[in-house]
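The values are calculated or read from the model by the stated rules, or taken from the named source; none is laboratory data. Small disclaimer: the values here were computed from a predicted structure and weren't measured. All Cβ positions, glycine included, derive from the backbone under ideal geometry; neighbour counts span all protein chains shown. Only protein heavy atoms, including side chains, enter the accessible area calculation; ligands, DNA and RNA are left aside. Shrake-Rupley method; radii C 1.70, N 1.55, O 1.52, S 1.80 Å.
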Amino acid sequence: MSAITDDSDKDTAAQTVQSGGDSVSKSKRPVRITFEDVTAASFRVKDGIVRTVCERSQLSGITGMELYFKKEFMQYTGSFKERGARNTLKQLSKTQTETGVIAASAGNHALALAYHGKQLGVSVTVVMPKLAPIMKVTACRDYEANVILFGEHIGESKDYATKLGEEKGLTYINGYDDPAVLAGQGTIGLEVIDQVPDVDAVVVPVGGGGLLAGIALAVKTLKPDVTVIGVESENCPGFSAAWKVGHPVKVPSMPTLADGMKFECVAWLLQFLCLIPYMQD
């Protein structure tokens, strides 16, 4: 577990890049989004995203503290991934929109792209591992996405999707390592501050790291004294490993019930322009 509390190094040069591609992952060039990117994303996606409630939990009495849950499962496809997907799709060029997009995902990112692609008139191809949940595969097809089952794990699916996208001229949209996706996820942080103005700490699950980076940027910009805590599975310690050595590294992952947080390597976007200014153990 890592707590994001330090607010130093804010003069680090910020760079906003055009999304809708996997250039960040390929070049391994660190990118920093800005608070303005997050606020712009909030305006951009509000016509198709649910502003989910953040309600006091019954566990508050048991734990002796005030707990609030941000209920992102109330999004149409059941996850926060819709925010980043819609923000990215709405920034595509006319040519990219007409040609279509492609992504690799075992479920939630694929669902988000498929659903919002249909809403926005963008052709979506998703490459999913052979063992992807059948309900999510079926749902993507119901949203008229072109679903390709390939690979024993998400890494093989991504390699195939990248190659196919290059061959067909499709724009690859990474589920957690894309500036527009990250900015979209950061809109959750804006809502949390508005819904719980006296918040002391925000706890965020960590998989690829895009959700944590986006929320941390939003929350720490508005309220520097708030602690943002990232929590990862002990069996998939990609973020902890990156923090120890100072850059993202691949780590072996073990089976976990939190399958949505199972990543071999955190995002290159997190090399450490989005998070390091706020980090401490």
Leaving out ligands and nucleic acids, and using a 1.4 Å probe, what accessible area per residue does region 170-251 come to in Å²? 33
In whole Hz, with x marking every Gly and Pro, tabulate ³J(HN,Hα) for region 183-194 from phi via Karplus 6.51 cos²θ - 1.76 cosθ + 1.60, θ = phi - 60°. 4, x, 5, x, 5, 4, x, 4, 5, 4, 4, 6
Heavy-atom accessible surface of region 115-174: percent carbon and sulfur, 1.4 Å: 53
List the GluC sites (Glu not before Pro) in region 51-103 that DSSP assigns to loop (not H, G, I, E or B) and whose Cβ has at most 16 other Cβ atoms within 10 Å. Which are they? E66
Ignoring everything but the protein chains, give the 1.4 Å probe accessible area of Y176 in square angstrom, nearest 10. 50
Name the long-range amide H neighbours of V202: under 5 Å, sequence gap of 5 or more, or other chain; modelled H, no Pro or chain starts. T227, V228, I229
Label-point gap, in nm, between M135 and V199 - each point 7 angstrom along Cα→Cβ: 2.8
Give, in nm to one decimal, the length gained when the segment between Y68 and K94 is fully stretched (0.36 nm per residue of separation minus the Cα-Cα distance). 5.3 nm
Count the DSSP beta bridges whose two residues both fall in region 111-261, then state the antiparallel fraction as a percent rounded to the nearest 5. 0
Calculate the spin-label point distance for V231 paired with D142, positioning each point 7 Å from the Cα along the beta-carbon direction, and give it in nanometres. 3.0
